[in-house]
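These notes concern the structure reproduced below.
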Amino acid sequence: MESSPPPRTLLSQLFPQSNEDVTYEYAVGELAFTFKGICTLAAFAWPILLVLAGRKLMESRFSWILNLLEVLLCAGSLYWFFVLTLFGDWLYGAYVFVISFGLFACSSMVFLFHSLWRVCRKWRDKIRGSGAPRQSFPDPAPSG
């Protein structure tokens with residue numbers, strides 16, 4: 001007579017535990033005071049600090065540097081995540097992390113391009129001078 005396996009609870013479905021067939025490792029286990037742990041903590045925690053400090057910095061004329069830094073940090077965090085997982089089997093949190101950092105990087109790139117566009121327009125206006133005539137296109141010939 002075979003015994004049926006015990007029913008899985010919601011907690012064990014969301015956070016599976018290691019057994020003789022599969023070993024699960026969670027990011028919380030990596031947060032020791034080692035180089036790997038500090039890099040892991042930095043890869044997961046920098047967005048919180050940058051979003052809090054970013055409101056003041058976004059009003060400065062060098063806000064494009066902050067946007068470039070965000071894009072580079074997103075790339076570094078995604079790289080570190082892939083180093084940690086080595087393309088193993090991902091659980092739900094891994095997908096949330098990759099999607100959210102991808103969206104964060106895309107929004108940072110949009111703000112970066114907008115900031116650089118504003119800077120280029122200011123430089124162009126300085127070079128041309130304020131009294132320079134604007135280039136305009138002639139009206140189309142009247143049809144008769």
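Points worth noting:
- For the stretch 30-39, the condition of being in a helix (DSSP H, G or I), among the small types (Gly, Ala, Ser), under 24 Å from the mean Cα position of the chain (by Cα) and exposed (fewer than 12 other Cβ atoms within 10 Å of the Cβ) holds for none of the residues.
- Restricting the stretch 41-55 to residues that are under 16 Å from Ala94 (Cα atoms) and surrounded by 15 or more Cβ atoms within 10 Å (Cβ to Cβ), the residue that is farthest from the chain's Cα centre (by Cα): Leu41
- Test: residue in the stretch 64-82 that is surrounded by fewer than 16 Cβ atoms within 10 Å (Cβ to Cβ), out of contact with any Pro (no Cβ under 8 Å at 6 or more places or on another chain), modelled with pLDDT under 85 and among the hydrophobic types (A, V, I, L, M, F, W, C): no
- Pick from the stretch 77-101, criterion free of Cβ contacts under 8 Å to residues at least 12 places away in the same chain and under 9 Å from the mean Cα position of the chain (by Cα), ranking: farthest from Asn67 (Cα to Cα): Ile99
- A count restricted to the stretch 83-104 and to residues that are surrounded by 15 or more Cβ atoms within 10 Å (Cβ to Cβ) and more than 23 Å from Arg118 (Cα to Cα) stands at 6.
The values are calculated or read from the model by the stated rules, or taken from the named source; none is laboratory data. As the structure is a prediction and not an experimental result, all values here were calculated from the model. So basically every Cβ, Gly included, is an ideal-geometry build from the backbone, and we count neighbours across all protein chains shown.
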